[in-house]
1. I'd like to verify a number: residues in the range 60-84 that are under 17 Å from Arg109 (Cβ atoms) and assigned to a loop (DSSP other than H, G, I, E, B), how many?
2. Just wondering, is there one or more residues in the range 407-419 that are outside the structural domain of Arg330 (by TED's automatic domain parsing) and in contact (Cβ under 8 Å) with a residue 40 or more places away in the chain?
3. Which of the residues spanning the range 281-304 are more than 17 Å from Leu506 (Cβ to Cβ) and touching a Phe, Trp or Tyr at 6+ places or on another chain (Cβ under 7 Å)?
4. Are any residues in the range 141-188 under 27 Å from Asp254 (Cα atoms) and at pLDDT 95 or above, and if so, which ones?
5. In contact with a strand residue (DSSP E or B) (Cβ under 9 Å, 6 or more places away or on another chain), crowded, with 20+ Cβ neighbours inside 10 Å and either among the aromatic types (Phe, Trp, Tyr) or not assigned by TED's automatic domain parsing to the domain that holds Val483 (or both): which single residue out of Leu250, Leu179 fits that description?
6. Mind listing whichever residues of the range 254-301 are within 27 Å of the chain's Cα centre (by Cα), of a type in the set (Gly, Ala, Ser) and surrounded by fewer than 21 Cβ atoms within 10 Å (Cβ to Cβ)?
7. Could you please find all residues in the range 4-59 being under 31 Å from the mean Cα position of the chain (by Cα) and assigned to a helix (DSSP H, G or I)?
8. Restricting to the range 131-160, and then to whatever is touching a Phe, Trp or Tyr at 6+ places or on another chain (Cβ under 6 Å) and under 25 Å from Pro183 (Cα atoms), can you tell me which residue is surrounded by the most Cβ atoms within 10 Å (Cβ to Cβ)?
Amino acid sequence: MKNHSLKPILDATLFDAGIFDLDGVITKTARVHATAWQKLFDNFLQSRATQTGEPFRAFDLIHDYRAYVDGKPRYDGVASFLTSRGIHVPHGEPSDPPGHETICGLGNRKNGMFLEALHAHGVEVFPSTIALINFLKSKGKATAVVTASENCHEILQAAGVPNLFDAHVDGRDAQTFHLHVKPHSDTFVKAAKLLEVQPQRAAVFEDALAGVEAGHAGHFGLVVGIDRANQAEALHAHGGDVVVSDLVELGVRDEESVMWRSTQALPSALQQFKALNAQFHEKQVVVFLDYDGTLTPIVERPELAVLSQDMRDALKLLSRQCPVGIISGRDRKDVTNLVNLDSLIFAGSHGFDIAGPEGWNLHHEVGAQFSSALDQAEADLRIRLQAISGSVIERKKNSIAVHYRLVEQDNVAEIEQTVTQVLSTFPTLRRSEGKKVFEIQPRLDWDKGKALLWLLERLEWKKNNYYPVYIGDDLTDEDAFRVLPNTGVGIVVEEGFRFSSAQYALHNPHEVQQFIMLLCHHLVGTQK
């Protein structure tokens, strides 16, 4: 019997791959498919009623779609629905033109209707699914898409994610390799073979009853049912180990036992400020913040990220109540000038260069010996990327940032390939990633998390019962979030969907300013 109370957590140590259905899981094409089926069958049934005198009974967009065609190859869907109405037509051949009243002819007609709608209107994706896939890929997990549709590549192209997966198994592959389709497990097992993983080491993500049944039949390590149609109990009954209404609900525990959740599932640091107050109890708060995207909105070019006077005033007020540090990917001198407050600690280049206020005797620099390699890599990158419009190379004291926010999407892969090629000639350098930027840094075991821990040790804040709060928006801030769960709190700034190891969320810099002011009022109250 299934454990319906099972918490929606994916233990990444137990899986090497994620295998995803397409329609209803990755893309919002189920409605397009259903509408095409409805148009096909209503036209067919109306014509038949006129010829035979039988009463016309329309295709039910909910019951008939789910029961007879959802998740099935289109010829099987045609046959299944017509059989349910007691209608028998010849099977025909796949080459039958759309006008023929055969199983294949009707299926081909439906496909034409679907493609016409697809090309006219495009297709949306489920952001939470894309966020999970990108997160799994960032953790080195393989990914595949499995679908009964023969239009897999066209749909992924229309959705803007043509290169998202390591392997594809679609309706054409099922025919080519003589695979039984869902609810049989053949197509899922084929995907696992293409990814070179055992089914027991792969997780399946499905929204159709036939899909979860196929995952269960294939003995996959975990079958996640996504309830898009108010059928949670049926998804459990057909083989779903875990059922969620959306993948935003699913958490992931990584190899370091760090819990990651969608930013949309994290509690608001503003709404849950009272809960945070309880954690501050009898402790001295110390606050660290990223700059771009946290204190200022993300802008097209780095030099346009100017701190507002209101935010500067908020930081100044906070620094009177507790220690405040800025840990940024920018050069320390750059972010120091932008913030323009001499009472703060500044850590630039992702923590490679740290200095405190006057009189603190606080200075730490890591990686200065790599400047020659960075100089050569920068020169190489400028030559290779000069022809790609919109690319921006920002040289910092201890790193290089290759920005591609203004680059056409089709050229991003070329930029990534170029960065990889350049780094292959500089073994002392490594790549990290942020929002629309590739960062090239010295190959050292050092990051924002290490810088944060160094500051806590150097200033003996751990010994003096300090409680660190870290607020940031970028992927590089995750290094800081990961070191805090047992000693402090991480707050991610994110309006969209991505997975984070922070415990709370804020939506934008305006909410960051609101949080700072709430914290100021709290700290003033505790000092009275």
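The values are calculated or read from the model by the stated rules, or taken from the named source; none is laboratory data. The model shown is predicted, which means the values in this text are computed figures rather than measured ones. Glycine gets a Cβ as well: all are built from the backbone with ideal geometry, and neighbour counts include every protein chain shown.
1. Of the residues in that region, 2 qualify.
2. So the first thing to find is which residues in the range 407-419 are outside the structural domain of Arg330 (by TED's automatic domain parsing), and the list is 407-419.
Imposing the further condition that a residue be in contact (Cβ under 8 Å) with a residue 40 or more places away in the chain reduces the set to 409, 413.
Yes, the range 407-419 contains a residue that is outside the structural domain of Arg330 (by TED's automatic domain parsing) and in contact (Cβ under 8 Å) with a residue 40 or more places away in the chain.
3. Within the range 281-304, the subset more than 17 Å from Leu506 (Cβ to Cβ) is 281-284, 286, 299-304.
Lys283, Gln284, Val286, listed by residue number.
4. Passing the criteria: Lys141, Ala142, Thr143, Ala144, Val145, Val146, Phe165, Asp166, Ala167, His168, Phe188.
5. Details: Leu179 fails: crowded, with 20+ Cβ neighbours inside 10 Å.
Criteria check complete, one pass: Leu250.
6. Result: Ser257, Ala265, Ser268.
7. In the first step, residues of the range 4-59 are kept if they are under 31 Å from the mean Cα position of the chain (by Cα); the result is 4-36.
Ala12, Thr13, Leu14, Ala30, Arg31, Val32, His33, Ala34, Thr35, Ala36 - these are the residues of the range 4-59 that are under 31 Å from the mean Cα position of the chain (by Cα) and assigned to a helix (DSSP H, G or I).
8. First pass over the range 131-160, keeping only residues touching a Phe, Trp or Tyr at 6+ places or on another chain (Cβ under 6 Å): 131, 135, 143-146.
Next, only the ones that are under 25 Å from Pro183 (Cα atoms) stay: 143-146.
Values: Thr143: 20, Ala144: 23, Val145: 28, Val146: 32.
Ranking the candidates gives Val146 first.
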